[in-house]
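Below is one structure, written out as structure tokens; comments come after it.
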Amino acid sequence: MNKTNTVIIHITDGHSAFDDRIFYKELCSLSKEYTCFELCSSEDGKSLSAMGGEKKNSNVYDGISVLPFKRFRNNLFFRIVRHFIPKFYNYFYSLIISKEILSILKINSI
């Protein structure tokens, strides 16, 4: 089956990269028809092993590109900002996620 030109990017920060509900039930079924990416947070921004993934040379699992970004929500500063200035936190967080999405689009030439 030919995949359409539609790209699906699933962003998760609160779940592991290979959460059953997200990765296996949603993304694996969607990857049959669409090009799928998953952005997930990790402690160092590089490895998926802490997020439930195996260490592999490639970030492609079952046809889905899994790309980590550095987790910052556990940082004390960000927890304080999230609590006292939630609008600023949400704005800053959306900027970081937007930067990650743009870097994925540049790298993979979609």
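A few comments on the model shown:
- With DNA, RNA and ligands ignored, accessible area of residue 19 (1.4 Å probe; Å², nearest 10): 30
- Accessible surface, 1.4 Å probe, highest first, among residues 102, 30: 102, 30
- List 66, 7, ordered by accessible area with a 1.4 Å probe, largest first: 7, 66
- Accessible-area order (highest first, 1.4 angstrom probe) of the listed residues 83, 15: 83, 15
The values are calculated or read from the model by the stated rules, or taken from the named source; none is laboratory data. On a predicted model such as this, the values are computed, not experimentally measured, just so you know. Surface accessibility is based on the protein's heavy atoms, side chains included, excluding ligands, DNA and RNA. Shrake-Rupley method; radii C 1.70, N 1.55, O 1.52, S 1.80 Å.
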